[in-house]
1. Taking residue 92 and the conditions (1) over 44 Å from the mean Cα position of the chain (by Cα); (2) loosely packed, with under 13 Cβ neighbours inside 10 Å; (3) assigned to a helix (DSSP H, G or I), which numbered condition does it fall short on, given that it satisfies the others?
2. Among the residues of the range 52-70, is there at least one that is without any contact (Cβ under 8 Å) to a residue 24 or more places away in the chain, surrounded by fewer than 10 Cβ atoms within 10 Å (Cβ to Cβ) and in a helix (DSSP H, G or I)?
3. Which condition number does residue 176 fail, the rest of (1) β-branched (Val, Ile, Thr); (2) in a strand (DSSP E or B); (3) surrounded by 13 or more Cβ atoms within 10 Å (Cβ to Cβ) being met?
4. When you scan the range 131-154, how many residues do you find that are out of contact with any Asp or Glu (no Cβ under 6 Å at 6 or more places or on another chain) and in contact (Cβ under 8 Å) with a residue 40 or more places away in the chain?
5. Conditions: (1) exposed (fewer than 10 other Cβ atoms within 10 Å of the Cβ); (2) under 21 Å from the mean Cα position of the chain (by Cα); (3) of a type outside the set (Asp, Glu). Residue 76 meets all but one. Number of the miss?
6. Determine whether the range 98-115 contains at least one residue that is part of a loop (DSSP other than H, G, I, E, B), touching a strand residue (DSSP E or B) at 6+ places or on another chain (Cβ under 6 Å) and either within 30 Å of residue 185 (Cβ to Cβ) or without any contact (Cβ under 8 Å) to a residue 24 or more places away in the chain (or both).
Amino acid sequence: MAGKKKTSERKKGSAEDDGKKLQKEVEEKTTADRKSSEEENIGEEGEKTVPLDRFLRLQAEFDNYRKRVEKEKREIIEHSNEEIIKKMLDVLDNFERAFQSLENGASLEEFREGMKKIYKLFHEILEKEGLSEITETDRFNPYLHDAMMQEIKDDLEDETVTEVFQKGYRLGSRVIRPAKVKVSRRQ
C-alpha cells in the first residue's frame, strides 16, 4: 500500500503540478494578452495623439517662426533707417553751419550759395537711396497723379496735365507720393 500511496501521491503531485503549470500558463497567456491589448490601445492612442502632438508642435514652430521673422523685419527697418539718418546728419550739420555763418556776418549771397549746396547734397542722398521724381506730367495717370482741379481748355485734349502743384516721387518703382496736378477738360 505504501507503493500505491506513493504512486497516487505522485499522480496527485503531478496533477497538482500540471494544474499549477496550466494555471501559470493561463496567467502568462492572460498577462500576455492584456499586455498586447494594452499595447494595441497605446498604439491606437498613439495614433490619435501623434497627429495632435505633431499639429501642436507645428503650430508652436510656426508661431516661433512668425515671431522671429517679425523681429528680424524690425531690426532690418531699424538698421536701414539708421543708415539713412547717418547720411542725413551731414545735411543737418551743413544747415547748422549755414545758419551760424549768417549769424557771423555772411552775406545773403553766400548764404544762398550754401543753401543750394545743401539742397544738392540732400537731393543726391535721396537719389542714392532710390528716390526719383515723377516726370510723366503730360497726360493724367491716376497711378502717378492726384487731380486737385480741373480747368476747361478747348485747345487741349481731355486729361492733359496743365499745372503741377506738388511734385510726385517714386522709391524704386513704387509711387510713394503722387504728383498733385491740375487737369484740362473740354467743354
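No lab work stands behind these numbers, since they all come straight from the coordinates. From a predicted model like this one, the values you see are computed outputs, not experimental measurements. Don't worry about glycine lacking a Cβ; one is built from the backbone with ideal geometry, like all the others, and counts go over all protein chains shown.
1. Tallying (1) over 44 Å from the mean Cα position of the chain (by Cα); (2) loosely packed, with under 13 Cβ neighbours inside 10 Å; (3) assigned to a helix (DSSP H, G or I), residue 92 fails exactly one: (1).
2. Yes, the range 52-70 has at least one match.
3. (3)
4. 3
5. All conditions pass for residue 76, except number (1).
6. No, there is no match, as no residue in the range 98-115 is part of a loop (DSSP other than H, G, I, E, B), touching a strand residue (DSSP E or B) at 6+ places or on another chain (Cβ under 6 Å) and either within 30 Å of residue 185 (Cβ to Cβ) or without any contact (Cβ under 8 Å) to a residue 24 or more places away in the chain (or both).
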